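Asks: The structure that follows is given in the form of structure tokens.
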Amino acid sequence: MPSILITGANQGLGLEFTRQYAADGWTVIACCRTPESADSLAELAADHDTISIEKLDIRDHAAIGALGQKYTNMPLDILLNNAGIIGPIPIAEHIERQHFGKMDYEVWRDVIETNTFAPVKMAETFIDNLAAGEQKKLVNISSQLASITERIIPAIAYSSSKTALNRTMTIIADQLKERGIIVAIFCPGQVKTRMDFGSATVEIEQSISALRPLIAALTLDDTGSFRDHEGRTIAW
Ligand SMILES: NC(=O)c1ccc[n+]([C@@H]2O[C@H](COP(=O)([O-])OP(=O)(O)OC[C@H]3O[C@@H](n4cnc5c(N)ncnc54)[C@H](OP(=O)(O)O)[C@@H]3O)[C@@H](O)[C@H]2O)c1
């Protein structure tokens, strides 16, 4: 059976990815920062012995390294960089801290570390596992808010962290192509998770059910692409 490593697997989109891949019999390494309080994930793992829960705060590079060591030589089909933060939540109450003139630089630093540095560190750490896997897919959950063309919500910290992620992943995509590794970037839609600005229209199950076939259909021709859950290419 294929295998996938998912970050932020304890709630929101990551939990649903875990649920759906496990239901299809995949081996899932489900990472979360506080397994001791990840009740929904624990329940899921109790029903599926193919789920392994791993404690991982993605800002902790030493912990990422240690996890990489633990899984040395294990082929991985997909590395799914899902975990991310939008900044202090509820976002609608804190959005001013991401507006020009009122920028909260601690927030920005935190968001960049989580949304930009961590997925790259994950990719660096697990790249040989992916190269040894059959599907060889490095999948990143980004956001339409990263788009410079489709300027929908002016959240400086969050948007810039995902824009930086996108550009970094396109660079990595070019570099990894010769190893047959596909790098893809997706926006899940405006989904009803705790990141909701109040305008989300997409159910969690709906988003993941739409993303999974797109991920399954990825080929090397798609490497470096940025699409939403409906398969629409998002302008950079
Ligand atoms: N929902 C949307 O409308 C939307 C739209 C575009 C993009 N996205 C992206 O989708 C991804 C998933 O977000 P979501 O909507 O499912 O939001 P969510 O419900 O807030 O889930 C975020 C997940 O990331 C984890 N996480 C955050 N910081 C972490 C860290 N330092 N180490 C490990 N895990 C960490 C969280 O863990 P804890 O429970 O421990 O905090 C949680 O599991 C994110 O990358 C987000 O930017 C979401």
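Asks: Of the listed peptides 144-156, 73-85, what is their order by residue-averaged count of other C-beta atoms within 10 Å, with the highest listed first?
Replies: Sorting 144-156, 73-85 by mean packing, highest first, produces 73-85, 144-156.
Asks: Place a point 7 Å from the Cα of Ile89 along the Cα-to-Cβ direction; which residues of the stretch 1-23 have their backbone N under 18 Å from it?
Replies: So the set is 7-19.
Asks: Turning to a different aspect of this structure: Once you list every other residue whose beta carbon is under 11 Å from the beta carbon of Glu150, what net charge do they have if Lys and Arg are +1 and Asp and Glu are -1?
Replies: +1
Asks: Okay, next question. Would you kindly compute the Cα radius of gyration of the chain and its largest Cα-Cα separation (Dmax), both in Å?
Replies: For the chain, the Cα-based Rg and Dmax read 16.7, 52 Å.
Asks: Helix-only mean residue ellipticity at 222 nm, the chain, DSSP H runs n ≥ 4 weighted -39,500 (n - 2.57), per residue, nearest 500. What is it?
Replies: Calculated at 222 nm, the ellipticity per residue is -12000 deg cm²/dmol.
Asks: Same structure again: If you take the alpha carbon radius of gyration of the stretch 141-236 and divide it by 2.2 N^0.38 Å, what ratio comes out, to two decimals?
Replies: Cα-based Rg divided by the globular estimate yields 1.08.
Asks: Direction-averaged shadow area of the convex hull around the Cα atoms of the stretch 134-182, nm²?
Replies: 3.7 nm²
Asks: Cut-off under 12 Å on the C-alpha distance; same-chain residues fewer than 8 positions from Lys177 excluded. Which aspartates and glutamates are left, in chain and number order?
Replies: Within the straight-line cut-off, Lys177 pairs with Asp221, Asp222.
Asks: Could I have the simple spin-label model distance between Trp236 and Thr201, label points 7 Å from Cα toward Cβ, reported in nm to one decimal?
Replies: 2.8 nm
We did not get these values from a lab; they are worked out from the coordinates using the rules stated. Here the structure is a predicted model, which means the values were calculated and not measured. Note that each Cβ is placed from the backbone with ideal geometry, even for glycine, and that neighbours are counted across all protein chains shown.
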